[in-house]
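A quick write-up on the structure given underneath.
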Amino acid sequence: MTLKCKVIQSTRADLKVVLADTRSLFFRYINGMTTKQHIVAFLLAFAVLSVGASSSLAAAACPDRNRPAVSNADTRWRASLLCMTNHQRTVHHLHTLKLSKQLASGAQKYAAQMVSQHFFAHQSPAGVQLESRIRATGYLRGMNLWGVGENIYATGMPTQTPAQAMAAWMSSPHHQENILDPSWREFGAGIVRSMPSTPQGWTMTQWFAIRQR
């Protein structure tokens, strides 16, 4: 799994930024903002990366951070991942995220879909992208301003803890950008046993979002 891209788009101004490297994969889509708002949000997302943080201190307060996942949709694993996400945001002086059952359900379904259909991407083989997947949960119904983001991760390791998953995402600047984006307000995660390409390992998703009527 060696592709990473980022897309920021607005329906009211032409702005698209695509960043790519060869390590992993993430996606962000912001809708309903002006170009100026996009640029401000984009710069803030990078600015927070310069604030010092202690990963060990952030992880210390999270239950089950070193407990391996034991099943698909492991509730304790997903709760600990949210805890660790919020501690990373706290030590970077950002507000914490709330769990959204709609986002959690959608993220879990997408992790399962990638495994069952043997692909690893932000777009499904049928061409369905993140916005459409989140709309299908009802999360964006009636919203005029919204933004959504996604990190995905697959590993062949036989065991996977929330601490390992967070370390992998935080070691990638662009995945870290999604985790530390000051725009987000809500969160959901999914985990499925097996990689898309092999029965071994695990596949994980993080969904981030903001919405406003």
Query raised in the report: Tell me, in nm to one decimal, what length is gained between R67 and S171 on full extension, where the rule is 0.36 nm per residue of separation less the Cα-Cα distance?
Result: 35.4 nm
Requested in this report: Determine the share of the stretch 58-213's accessible area contributed by carbon and sulfur atoms, expressed in whole percent, with a 1.4 angstrom probe.
Outcome: 54
Query - Rounded, prolate or oblate (a/c below 1.5 giving rounded, otherwise prolate when a/b exceeds b/c) for the stretch 91-165 by Cα gyration tensor - result: oblate
Query raised in the report: What does the convex hull of the Cα atoms come to per residue for the stretch 129-213, in Å³?
Result: 100
Report summary line: Here the relative contact order (percent) of the stretch 120-200, from C-alpha pairs under 8 Å and at least 6 apart, is 28
Report summary line: Distance in Å, no decimals, from the C-alpha centre of the stretch 68-88 to the one of the stretch 147-187 is 12
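The values are calculated or read from the model by the stated rules, or taken from the named source; none is laboratory data. No experiment lies behind these values; they were computed from the predicted model shown. What goes into the accessible areas is simple: the full protein's heavy atoms, side chains included, and nothing from ligands, DNA or RNA. Shrake-Rupley method; radii C 1.70, N 1.55, O 1.52, S 1.80 Å.
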